[in-house]
Amino acid sequence: MSFVFTDENLKKIEALKERYPSPKALSLPCLWMAQHQESMVSMEAVEVIAELLDTPPMEIYRVATFYTMLNLEPVGKYHIQLCKTLSCALCGKAEVLKHLQERLDIVPGESSADGKFTLTQVECLGSCGTAPVMQVNDVYYEELTPEKIDEILETLR
Amino acid sequence: MRESKIVSRKFGHKESHTLQVARKHGGYSAIDAAFALEATEIIDIIKVSGLRGKGGGGAPVGNKWALMPQDHDGPSYLAVNADESEPGTFKDRQIMAKDPHLLIEGIIITCYAIGAHDAYIYIRGEYYQFQQILQKAIDEAYAEGIIGEKVMGHDYRLDITIHRGAGAYICGEKSALLESMEGKRGHPRLKPQQKEPEWYFGNPTLVNNVETIATVPFIVKKGAKAYRLYGTDSSPGTLLFGLSGHVNRPGIYEAEFGVSMLEYIEQYGGGVKGGKRLKAVIPGGASTPVLTAQEASCVRLDYEDLRVMGSTLGTGGMIVMDEDTCMVSALKNLLEFYHHESCGQCTPCREGTGWVDGIVESLLKGEGTEEDVDRLLDVSQTMNGKTICVFAPAVSGVIDSFVTKFRGEFEAYLKGAR
Ligand SMILES: Cc1cc2nc3c(=O)[nH]c(=O)nc-3n(C[C@H](O)[C@H](O)[C@H](O)COP(=O)(O)O)c2cc1C
Ligand code: SF4
Ligand code: FES
């Protein structure tokens, strides 16, 4: 299991180096690109990034472990991240969570048996006016209700 | 309340995020006006306007710009804070989604005023959809010669780069943001000299919030006085206040400073949901001390009045709670947030957020004792004023406000009380 950046990403990285005072600044952009390629950040990717940016792998690893959106473990094809913070909690998040758990037969922190879904509870998504809110991979779903969850799950197949 | 739309003026137009529509409604018309002025003249206008930072702190913007050295031997930078992670706050995303060109216009003027040729927009990782809209607007601006080698034909280079965060509340703190942009963990810096600018790879750097920057074009075009027509003497202008929680119409509605909180909630939010009575309001994002209904009914939405009430205006994102809300559970919710988001550098913060979370948890389980309520206040005390950044003191203020104002609800959970 080795990791290589796509040519397109390598080009992007070279172009980004022009934009920053130091290549060290590129650790997050590179980690994101790696995650988009593999849906997680592997240790192999960490080493490749370290070499590209001329930084010790441990530094990149320290960064990767600090940011909660970077997955160091594999996640399902659809990573469902439900906001649990106050405005969502006041507006019916508990009901939505219960429904998600029943439909997917998993609790937060778990992945479904077919590896399709991972359910996580996350902190405020900055979308409190349309609570409750969840994010599936990069997409927001707002003003959630159990019925809406059913509709959304239909589209995620 | 009169209508006061400065930043949200174009939000209602169809396709308002495109260059064509932005231009049709006056977008980028402040650029030539700005370049006709000296950089220091622009800073003076901003000073006179009384513009205050809209990211939560409310610091005078002109004074902060003036800290940037005009004769610096080396690059200067602008970092736009689009981290927007303070619970209850969702205003900057409206600007990025509905009028990204207004933000770009503000960035151009700000960079010119402080002598920066590279601007970065640090956007929270979750906002990927808004990042894409913003990136499209930046691409359009490059293609049309609005930014790039020559800003709209002027002899001034400007590059704008979006930097995507990856889920860490603390990266909204300005020095943590810059650490993160240097490719490191987002740990706030110890800053010995408050009267000096921030730095990025050792060079002077200005950090301002998205909405702050988006307010700049209006002021430069219409003048400082025009901005002061809104708001109060010491809180001039407007803010994209917001409502979430138990209201009929949650959302972002721009209003001038100084309007009554209750009127704002009634007029824009349509009052409390389900015709229930109001119990409490967190006035400006989760890190501001909570107000009782009584306090909320007589406070005005400006920096000074909220201070008088023992709270702060923060980001202006109000979280409204009705009469049936359990204040102990509400505090527990926030403490889980803080416990999760403490960056862990300072012991009082790293340990304290865990302890208070644990104490409230045991209260909720009915396992709390008489001393626990006071212990909560004691731990809170240790978190106030002994840390690198103001995260921990803010948590302390939140705990104190909940416990002192709703002490009865906490005591109702004590062992044997139920
Ligand atoms: C814990 C913490 C979190 C913060 N989060 C944000 C944020 O998400 N967005 C923001 O603009 N400012 C945030 N700030 C304030 C910034 O440190 C900084 O003061 C602000 O971006 C300056 O811009 P302004 O003067 O235009 O408001 C935060 C501050 C602290 C202490
Ligand atoms: S107060 Fe908390 S968040 Fe701020 S630097 Fe210290 S540990 Fe980090
Ligand atoms: S509390 Fe859920 S999006 Fe802010």
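Quick notes
- Scan region B:59-104 for residues that are away from ligand 3 (no atom under 16 Å from the Cβ), crowded, with 24+ Cβ neighbours inside 10 Å and not hydrophobic (A, V, I, L, M, F, W, C) and the total you get is 5.
- Count of region A:107-140 residues, restricted to those that are at negative phi, small (Gly, Ala, Ser) and more than 7 Å from chain B (Cβ to nearest Cβ), is 3.
- Residue match in region B:259-272 (condition: more than 27 Å from A:GLU123 (Cβ to Cβ), in a strand (DSSP E or B), open to solvent by 20 Å² or more (accessible area, probe 1.4 Å) and touching a Cys at 6+ places or on another chain (Cβ under 9 Å)): yes
- Candidates B:ASP378, B:ASP372: the one that is surrounded by fewer than 21 Cβ atoms within 10 Å (Cβ to Cβ), of a type outside the set (Gly, Ala, Ser) and either touching a helix residue (DSSP H, G or I) at 6+ places or on another chain (Cβ under 7 Å) or under 25 Å from B:SER175 (Cβ atoms) (or both) is B:ASP372.
- Considering region B:105-127, the residues that are under 15 Å from B:ASP159 (Cβ atoms) and at the interface with another protein chain (Cβ under 9 Å from one of its Cβ atoms) include one that is surrounded by the fewest Cβ atoms within 10 Å (Cβ to Cβ), namely B:ASP118.
- Hey, A:LEU82 open to solvent by less than 60 Å² (accessible area, probe 1.4 Å), within 14 Å of chain B (Cβ to nearest Cβ) and within 29 Å of A:SER27 (Cβ to Cβ) or not: yes
- Helices (runs of 4 or more DSSP H) contained in region B:312-391 and holding at least 1 residues more than 16 Å from ligand 2 (Cβ to nearest atom) and more than 30 Å from B:GLY269 (Cα to Cα): B:347-364, B:370-382
- Residues of region B:210-236 satisfying the condition of being touching an Asp or Glu at 6+ places or on another chain (Cβ under 7 Å) and buried (at least 17 other Cβ atoms within 10 Å of the Cβ): B:VAL210, B:GLU211, B:PRO217, B:TYR230, B:GLY231, B:THR232, B:SER235
- Against the list (1) touching a residue at least 40 places away in the same chain (Cβ under 8 Å); (2) more than 12 Å from chain A (Cβ to nearest Cβ), the condition B:GLY275 fails is (1).
- Some residue of region B:294-304 being in contact with a strand residue (DSSP E or B) (Cβ under 7 Å, 6 or more places away or on another chain) and within 13 Å of chain A (Cβ to nearest Cβ): no
- Of the residues making up region A:85-115, those that are under 17 Å from A:PRO74 (Cα atoms) and open to solvent by 50 Å² or more (accessible area, probe 1.4 Å) number 6.
- B:THR353 vs. criteria within 16 Å of ligand 1 (Cβ to nearest atom), within 18 Å of B:CYS171 (Cβ to Cβ) and open to solvent by 30 Å² or more (accessible area, probe 1.4 Å): no
- Qualifying residue in region B:403-417 (condition: under 29 Å from the mean Cα position of the chain (by Cα), touching a residue at least 40 places away in the same chain (Cβ under 8 Å) and within 15 Å of ligand 1 (Cβ to nearest atom)): no
- For region A:24-34, the criterion of being touching an Asp or Glu at 6+ places or on another chain (Cβ under 7 Å) and under 28 Å from A:PRO108 (Cβ atoms) is satisfied by no residue at all.
- Residue that is nearest to B:ALA82 (Cα to Cα) [pool: residues in region A:141-154 that are away from chain B (no Cβ under 11 Å) and in contact (Cβ under 8 Å) with a residue 12 or more places away in the chain]: A:LEU144
- Scanning region A:29-54 for residues that are over 13 Å from the mean Cα position of the chain (by Cα) and under 22 Å from B:ILE162 (Cβ atoms) yields A:PRO29, A:CYS30, A:ALA45, A:ILE49, A:LEU52, A:LEU53.
- Test: residue in region B:37-54 that is outside the structural domain of B:TYR122 (by TED's automatic domain parsing) and touching a strand residue (DSSP E or B) at 6+ places or on another chain (Cβ under 7 Å): no
- Listed by position, the helices (runs of 4 or more DSSP H) enclosed by region B:1-86 that each have at least 3 residues that are under 18 Å from the mean Cα position of the chain (by Cα) are B:61-66.
- Residue match in region B:296-314 (condition: under 20 Å from B:GLY53 (Cα atoms) and polar (S, T, N, Q)): yes
- Extreme residue, surrounded by the most Cβ atoms within 10 Å (Cβ to Cβ), among residues of region B:152-167 that are within 10 Å of chain A (Cβ to nearest Cβ) and more than 12 Å from B:CYS111 (Cβ to Cβ): B:GLY165
The values are calculated or read from the model by the stated rules, or taken from the named source; none is laboratory data. What you see is a predicted model; the values in this text were computed from it and never measured. Glycine also receives a Cβ, built like all others from the backbone with ideal geometry; neighbour counts cover every protein chain displayed. All accessible areas refer to the heavy atoms of the entire protein, side chains included, with ligands and DNA or RNA removed. Shrake-Rupley method; radii C 1.70, N 1.55, O 1.52, S 1.80 Å.
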